[in-house]
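The values are calculated or read from the model by the stated rules, or taken from the named source; none is laboratory data. This is a predicted model, so every value here is computed, not measured. No Cβ is skipped: glycine too gets one built from the backbone with ideal geometry, and neighbour counts run over all protein chains shown. The accessibility values were calculated without ligands, DNA or RNA, using every heavy atom of the protein model including side chains. Shrake-Rupley method; radii C 1.70, N 1.55, O 1.52, S 1.80 Å.
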Amino acid sequence: MVSLEEFRAYRSPLKDFYDGKYVLLTGGSGFVGKLLIEKLIKCNVAEILLILRRKKGLSPTERLEQLLGKEAVFVNYEKDPQLYLSKIRLIEGDISEVGVGISNDDLAYIYERTNIIVHAAADVRFDESLKESIQTNVRGTQEMLKIAENCRQLEIFTYISTAFSHCVLGVIEEKFYDPPLDPSVLIKASESENDADVFEQLSKKLIEPWPNTYAFTKSLSEEMVRRYKAKLPVAIIRPSIITTTMEDPIAGWTDNLYGFNGVVCGAATGVLRIFHIHMDYKASIVPADTVINATLAVTWYAASHREEDNVYNCTTDDNPVSWRETQHQLEHWKDRIPFDKSLWITTYNTTRFKLVADVLSILYHVLPALFFDALLQLGGQKPRVLKLYRKVHRFSAVLRFFTNNQWCFRTARMRRVLDAMAADDQQYFPCDAKAIQWNSFLDHQIKGLRQYLMRDPWSTLEKSVRRHRLRTFAHWCLLAVLYGGMLYLVVKVLHAYGYIDFTGLHESNLEECLAAEAI
């Protein structure tokens, strides 16, 4: 990890671009947003104008204090809280509201000071209603662009999209695509209370062939950005499946179970035992810090190349890894660092056939869940394992599209940004996919998921290893009983139908013994 002092001591056009700038940031309470806050403060920006809404009875100020004090990613907060508090100006607002719900006084401050806008806020839930997704992802982007129009010192508006916004294509270029539908029309339709029920009934038809409302509305959001290209300096960055950090600012950090993180945690905790996936396809995963550094590099580059179509794919196609390779590496750790909060040992099975996956999910998920729930009820506790597996199956269903298809993401524009970076920037803003050491990254990932996501302290490791060994022994004993019982039933059935005949077996053995004694 590079220290704050070391980072600030070096100079480059990229880093100096952020020095003393006012950055308006949305989505700062999210996974990507937290990493952006940490990096922007390290870059010595003048101020981060952070848009936060009230949530669960907490004010934006209370949420920020909770955020900074809780997450390990803010590596200097415990030592120097003022470093963060002096650089962050809270703007109360809600990206899903018209006008983003920002007061006139705050808007005046934004218009006067803002140099850079990074729009990272989004509703990332795949199963969200189309209305909610449109109002947050599409209308929210439009409202932020309207704010950007009035920023007198704006240098660049960067929108963080997703590489899967155009996942219906086999090859995804770094360019603007025509939208599937007019986003303005859909915004108006989503706002109509009279047609709300009809709108949701039509949603599945409207988003076809996109797999979910998230990818669909991201494609519409990109169209909103394109429409403002003639008025504003804009850039779009499209990361693929974002996972844990590789090393910046700490290794293995994450705060969510989305996507690949959820699959790894599910398998490591013994919850996910069967998964529908094509193991030889590319895993379009990308470390989170690669995405953050690429976003800052793209923002810097696009600000001085306004005439270009500043659309960039942030993927690992230049250094691909398959799902099989990721599983192989992660399995190295299943017996060494078992998760303390686990249901059973890791027994991760895969198939590329949906029917097989559905049948095996009954054997590997539903039946064991009923067994564990029965034990809980006998112990006077509420059954909860079957309920957990309903969530697991919903999670698995939304990921099937991404684990059983693969895409080719063009990265020539992103390579142009990398080539423009100074030599030191490759060290302090590492975002070249070719530099990723997959085995090392995956090792950090499994450790980070245990520590930061599952909140299993390393002090529990010895106890977890002992319990894991006992469970492994019990697991093999259970399999021996299960398969022994199955073999016994098969033999009995075959014997009953005359395929196996034991008649005379005892007598033959007796005769052989007597003959041997006579000799």
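Where both partners of a DSSP beta bridge lie in the chain, what percent of those bridges are antiparallel, to the nearest 5?
Roughly 5 percent of the DSSP beta bridges within the chain come out antiparallel.
With R₀ set to 60 Å, the beta-carbon distance separating Trp458 from Val491 gives a calculated FRET efficiency near 0.75. Per-residue ellipticity at 222 nm from helix content only, as computed over the chain with -39500 (n - 2.57) for each DSSP H run of at least four residues, stands at -14500 deg cm²/dmol. For segment 384-393, 3J(HN,Hα) computed residue by residue from phi via the Karplus equation (6.51, -1.76, 1.60; θ = phi - 60°) reads 9, 6, 4, 4, 4, 6, 5, 5, 4, 5 Hz, glycine and proline entered as x. Segment 450-502 and segment 137-205 have Cα centres spaced 50 Å apart.
Taking all protein chains as present, what is the carbon and sulfur share of the accessible area of segment 332-438, in % to the nearest whole number, probe 1.4 Å?
Details: 3580 of 6100 Å².
Roughly 59 percent, rounded to a whole number.
Between Val198 and Arg336, the modelled label-to-label distance comes to 6.1 nm, taking each label 7 Å out from Cα in the direction of the beta carbon. Segment 54-133 and segment 208-268 have Cα centres lying 18 Å from one another.
Pairs to check: Lys341/Lys391; Lys341/Lys463; Lys334/Lys447; Lys204/Lys282. Give those whose C-alpha atoms are more than 19 Å from each other in this structure.
Working: Lys341/Lys391 17 Å; Lys341/Lys463 11 Å; Lys334/Lys447 11 Å; Lys204/Lys282 28 Å.
Over 19 Å apart, Cα to Cα: Lys204/Lys282.
Angle of helix 505-518 to the longest C-alpha principal axis of the chain, folded into 0 to 90 degrees and rounded to 10: 60°. When Cα extents along the principal axes in Å is calculated for this entry, the matching label among (i) 83, 80, 50; (ii) 73, 61, 48; (iii) 111, 56, 49 is (iii).
Give, in nm to one decimal, the length gained when the segment between Phe353 and Glu308 is fully stretched (0.36 nm per residue of separation minus the Cα-Cα distance). Walk me through the intermediate numbers first.
Working: separation 45, 0.36 × 45 = 16.20 nm, distance 4.34 nm.
This chain segment gains 11.9 nm when fully extended.
Axis of helix 438-448 versus longest Cα principal axis of the chain: the two differ by about 90°, to the nearest ten degrees. Counting protein heavy atoms only, segment 1-154 has 43 percent of its accessible area on carbon and sulfur, 1.4 angstrom probe. Computed extension length for Glu191-Ser103: 29.5 nm, one decimal, from 0.36 nm per residue of separation with the Cα-Cα distance subtracted.
The length gained by stretching the chain between Val171 and Ala435 to full extension, at 0.36 nm per residue less their Cα-Cα distance, is 92.7 nm.
Give me the 1.4 Å probe accessible area per residue for the chain, excluding ligands and nucleic acids, in Å². Display every interim value, and only then the final one.
Numbers: 24630 Å² over 519 residues.
The answer is 47 Å² per residue.
Label separation (Gln381 vs Ile362): 2.8 nm, computed from points 7 Å beyond Cα along the C-beta direction. Pop a pseudo-label 7 angstrom from the Cα along the beta-carbon direction at both Leu257 and Lys55 and give the gap in nm to one decimal. Here the modelled spin labels are 1.7 nm apart.
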